[in-house]
Amino acid sequence: MTASKLPLLLCTRLFLPIVIWYGAATTVHAQNLRAATAASYIERGNEWFAKGEYARAEADYTLAIATDPNQAGAYCTRATTRYRMGKLQEALADFDHALQRDPRLAEAYVGRGGVRYVLGDFDGVISDSNKAIELNPARAQSWNNRGLARGGKGDDAGALADFDRAVILDPRNAEIYNNRGVVRFRLKDYDGAIGDQNQALKLRPGYAEAFSDRGAARQFKGNLDGAMTDYNQAIRLNPRFADVWFNRASLWQRKDEWARAEADFTEYIAHKPQHAEAYAARGIVRLRQGRASEARQDFEQCLRLNPNLRQPVEEMIEEARRQMARRRAPR
C-alpha cells in the first residue's frame, strides 16, 4: 500500500501447507511397560487424527505424555493436532516441549515454524526453518516454510529461491508451485506465475486457490475473460474461500459492473469483516451507483478499523467523483 492511494489489488496470498508429522512417534521401543503403553496411545491417536477426529487424537496424545513425559514425538503429534484445532499457543508450547526433549527433531522445527507463520512471527519461522534445513536439507517443507516467511517480510527474491529449491525436492507438491506462482506474480512475472499455477492445477485439479491466483495473473496480463473463468471456477470449488470474491469484485469494477462488484465485495466482507480496505472498495462502487449515504457508512467503517487509511480513502473518493463528473459531462 502506498501513502497516496489505497490499492484495490487482488488478494493473492501464500498458503501454508500444514505439516502432518506423526509416523515417527510410533517408533517407540518397548523397553518397559510405560514406553509400550505410551506407544499404544500414540498409535490410537494417529488413527483418530487420520479420521479428522482431532479432539480424540489430542486426548490420546495427552495420555501418552502423562504415561511417558519424555516422549518428544507425542508432544510433536499433539502440537500438530492442536494446530489443526486452532489452538495455536498450545501447539507452540507443545513444539517447545518436544524440542526440549529432542533438540534434533527436525519435524518439530518445521511444525513450530508453521505455527509461527500463522501468528505472523516471520523471523521465528526463518530461524526454525534454518535449523530444520541444517538437520535435513532434503526436506522440501523446510524450504517452503522459509520461502513463505521471506515473502511475508517482503523478500520476494529470497522467497523465490527457496521455492525453487522446494520444487526440486518435491516436484509433485501443488501448493509449493502455487506459492512460487504468487511470488512470481508479486515480481510481475505473470507468465511465470501462470505457468506455476498451471502445474499446480495439473497436480491438483480441484485446487480453488490456484484458480483464483491464476485468475489474478491473467487479469494483470489483460486476459479478462480468462480471469473471470478462473474466478468462477474457484468459487464453484470453494465458495468459502474469501479472497476469490475480492478478486472477482475487482474485475467487475474494471468492467464498470458496479452492482456485481458490490455483491462480491459484500460476500468477501461476510467472510472477513475486519478487512478495512474491503469497506473502502465497496464504498467506491456504491458511490459510483449514486448511493452516497451507504458509501459514506462504508468509508466510516473502513476508518474505524484502520484510521491510517484516511488519506488514501479521501483520494479514492476524489478520483471516483472526477470519473463520474467526466462521464456526466456533455460530449
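The values are calculated or read from the model by the stated rules, or taken from the named source; none is laboratory data. Since this is a predicted model, take the numbers as computed values, not measurements. Neighbour counts are summed over all protein chains in view; Cβ atoms, including those assigned to glycine, are modelled from backbone coordinates with ideal geometry.
Assorted remarks:
- Options D243, D196, D213, D230: the member that is in contact (Cβ under 8 Å) with a residue 40 or more places away in the chain and surrounded by 24 or more Cβ atoms within 10 Å (Cβ to Cβ): D213
- Candidate set: the stretch 199-210, residues that are without any contact (Cβ under 8 Å) to a residue 40 or more places away in the chain and buried (at least 23 other Cβ atoms within 10 Å of the Cβ); chosen: the one nearest to D243 (Cα to Cα): A210
- Condition met for F220 (surrounded by 20 or more Cβ atoms within 10 Å (Cβ to Cβ) and under 29 Å from E175 (Cβ atoms)): no
- Selected residue (only one of G113, G120 is touching a Ser or Thr at 6+ places or on another chain (Cβ under 6 Å) and in contact (Cβ under 8 Å) with a residue 24 or more places away in the chain): G113
- All positions within the stretch 127-152 that are under 20 Å from Q89 (Cβ atoms) and more than 16 Å from the chain's Cα centre (by Cα): S127, D128
- Among the residues listed as Q289, Q323, Q297, Q311, the single one being more than 18 Å from Q219 (Cβ to Cβ), touching a residue at least 40 places away in the same chain (Cβ under 8 Å) and over 28 Å from the mean Cα position of the chain (by Cα): Q311
- The single condition from (1) surrounded by fewer than 24 Cβ atoms within 10 Å (Cβ to Cβ); (2) within 27 Å of Y117 (Cβ to Cβ); (3) not polar (S, T, N, Q) that C76 fails is (1).
- Each residue in the stretch 110-148 was checked for being at pLDDT 95 or above, in a loop (DSSP other than H, G, I, E, B) and buried (at least 21 other Cβ atoms within 10 Å of the Cβ), and 0 of them qualify.
- Looking only at the stretch 299-331, and only at residues there that are surrounded by fewer than 14 Cβ atoms within 10 Å (Cβ to Cβ) and either aromatic (F, W, Y) or assigned to a loop (DSSP other than H, G, I, E, B) (or both), the one that is modelled with the lowest pLDDT: R331
- From the list I168, I176, the lone residue that is among the hydrophobic types (A, V, I, L, M, F, W, C), surrounded by fewer than 20 Cβ atoms within 10 Å (Cβ to Cβ) and either under 18 Å from the mean Cα position of the chain (by Cα) or in a helix (DSSP H, G or I) (or both) is I168.
- Annotation note: of I284, I235, the sole residue that is modelled with pLDDT of 95 or more, under 22 Å from the mean Cα position of the chain (by Cα), part of a helix (DSSP H, G or I) and under 25 Å from A216 (Cα atoms) is I235.
- Scanning the stretch 246-281 for residues that are surrounded by fewer than 17 Cβ atoms within 10 Å (Cβ to Cβ), in a helix (DSSP H, G or I) and within 23 Å of the chain's Cα centre (by Cα) returns T266, A270, H271.
- Residues of the stretch 49-64 that are among the hydrophobic types (A, V, I, L, M, F, W, C), surrounded by fewer than 21 Cβ atoms within 10 Å (Cβ to Cβ) and either within 19 Å of E107 (Cβ to Cβ) or in contact (Cβ under 8 Å) with a residue 60 or more places away in the chain (or both): A50 alone.
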